[in-house]
Amino acid sequence: MKNGYFGKYGGCYVPAEIKTELDELYSQYIALKKSKAFRDELNYLRKYYQGRPTPLYYCKKLSETTGGAKIYLKREDLNHTGAHKINHCIGEALLAKHMGKSKIIAETGAGQHGLAIATVCALMDIKCEIHMGAVDIKKQKINVEKMKLLGADIVEVTDGDGTLKDAVDSALNSYLNNYKDALYCIGSAVGPHPFPTLVKEFQSVIGKETKAQIKRAQSRLPDYVVACVGGGSNAIGIFDAFIKNSEVKLIGVEALGKGKAIGDNSATVNYGEEDIYQGYRSKVLKTPDGKVSDAYSVASGLDYPAVGPEHSYLNEIGRVQYVTVDDKQALDAFYALSRTEGIIPALESAHAVAYAIELAKRLDKDKIIIANLSGRGDKDVEYIIENLS
């Protein structure tokens, strides 16, 4: 990353007064991460509040059913609040506290980022305002109730198609009017600089732990690392430690949803076009007349019509391969992991599991695949029972 760009992707396309605020945010972060007191507080909360390190688990039964490669899961679902999102939420809330901000504004799709930021705001006594699309509020009712229980104010977004992209628009507009007193805590490795870098650096703990754990377990690096990609925070978090290890193949799994038609998927890297969206340059899903397309996935956390700028860059240079998994494949993996290993994955994570299963079938038994299990599926069970069983 140089000057907020990953190659030609990234940047900070926002009004001048907001750019000044974001520049100050980045300066504060650079100073704070050099502070031993800040690092000690972050590491203390990660260990004793969040529950890190999370385990790297060998799926013996699932691997045996494929007849091929060994499948490991990085168990980010075992974090406090049930997903990887708390990795950057703790960091962002600590930044807000050190900057003297009295409020955090955030958006959420599947509810895991909203739940995580509501949790740390309760812990640190910071006001919390969470924007969520009307469609996602219905799909993720249990997480909405948890956020309210934690004291967060929920802003229901009915504009557009009432999903994640509209929640981001709404949260950004609120931040534009409150940036002196509030900090915007974005939920993925997207948005104007410095958000992609901040989120990646807080999420990089996933990859660092994974690399050390697989070396202890197998005395070598994996052959493949697989992660689902919507905005891309869990994927960039686990990929980061392996970027320089060219022998490790990195696979980002996008949601094909119902198919390749416009509006039926959220596979931005595969089907998007370069454009500026929500303050940054990246790949964006577009309609034939050049408008931002609606995105769709059965997983609320993946139905976003853009992708983090570093993912667009990693795709362009060929370091990461971006593939697709449709709704049916993700649901099949959801049930397969639940019934073979007793682990109920988030629908987002089920996309990575689905690809890992199919990949394992094509590989020899001495190969190793690590899939990032970015979240648990408690939030999805009711929706699946009512709509998809």
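The values are calculated or read from the model by the stated rules, or taken from the named source; none is laboratory data. Every value quoted in this text rests on a predicted model; they were computed, and no experiment measured them. Heads up, the Cβs are rebuilt from the backbone with ideal geometry, glycines too, and the neighbour counts pull from every protein chain shown. Just the protein is used for accessible areas: all its heavy atoms, side chains included, with ligands, DNA and RNA removed. Shrake-Rupley method; radii C 1.70, N 1.55, O 1.52, S 1.80 Å.
A few comments on the model shown:
- The residues of the stretch 341-356 that are surrounded by 24 or more Cβ atoms within 10 Å (Cβ to Cβ) and not acidic (Asp, Glu), listed by number, are 345, 346, 347, 349, 350, 351, 352, 353, 354, 355, 356.
Yes or no, residue by residue, for (1) without any contact (Cβ under 8 Å) to a residue 12 or more places away in the chain; (2) β-branched (Val, Ile, Thr); (3) buried (at least 16 other Cβ atoms within 10 Å of the Cβ); (4) under 21 Å from residue 206 (Cα atoms):
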position	(1), (2), (3), (4)
16	yes, no, no, no
35	yes, no, no, no
47	yes, no, no, yes
50	no, no, yes, yes
61	no, no, no, no
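- Exactly one residue among 282, 349, 297 is part of a helix (DSSP H, G or I), hydroxyl-bearing (Ser, Thr, Tyr) and in contact with a Ser or Thr (Cβ under 6 Å, 6 or more places away or on another chain), and that residue is 349.
- Any hit, the stretch 253-269, residues being among the aliphatic types (A, V, I, L, M), in a loop (DSSP other than H, G, I, E, B), out of contact with any Leu (no Cβ under 8 Å at 6 or more places or on another chain) and open to solvent by 30 Å² or more (accessible area, probe 1.4 Å): yes
- Condition met for residue 250 (open to solvent by less than 10 Å² (accessible area, probe 1.4 Å), touching an Asp or Glu at 6+ places or on another chain (Cβ under 7 Å), under 15 Å from residue 372 (Cβ atoms) and not β-branched (Val, Ile, Thr)): no
- Which listed residue is more than 21 Å from residue 26 (Cβ to Cβ), within 17 Å of the chain's Cα centre (by Cα) and β-branched (Val, Ile, Thr), from 142, 186, 130: 130
- Within the stretch 79-104, tally of residues that are in contact (Cβ under 8 Å) with a residue 12 or more places away in the chain and farther than 19 Å from residue 55 by Cα: 15
Matching residues to (1) among the acidic types (Asp, Glu); (2) open to solvent by less than 10 Å² (accessible area, probe 1.4 Å); (3) farther than 20 Å from residue 384 by Cβ:
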site: 132; (1), (2), (3): no, yes, no
site: 142; (1), (2), (3): no, no, no
site: 146; (1), (2), (3): no, no, no
site: 150; (1), (2), (3): no, no, yes
site: 161; (1), (2), (3): yes, no, yes
site: 165; (1), (2), (3): no, no, yes
site: 171; (1), (2), (3): no, yes, yes
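- Scope the stretch 111-126; condition without any contact (Cβ under 8 Å) to a residue 40 or more places away in the chain and surrounded by fewer than 24 Cβ atoms within 10 Å (Cβ to Cβ); matching residues: 122, 124, 125, 126
For every residue, the table says whether it meets (1) of a type in the set (Lys, Arg); (2) open to solvent by 10 Å² or more (accessible area, probe 1.4 Å).
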{"position": "300", "(1), (2)": "no, no"}
{"position": "312", "(1), (2)": "no, no"}
{"position": "315", "(1), (2)": "no, yes"}
{"position": "318", "(1), (2)": "no, yes"}
{"position": "327", "(1), (2)": "no, yes"}
{"position": "339", "(1), (2)": "yes, yes"}
{"position": "363", "(1), (2)": "no, yes"}
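- Every listed requirement among (1) open to solvent by less than 10 Å² (accessible area, probe 1.4 Å); (2) touching a strand residue (DSSP E or B) at 6+ places or on another chain (Cβ under 7 Å); (3) under 30 Å from residue 360 (Cα atoms) is met by residue 237 save one, (2).
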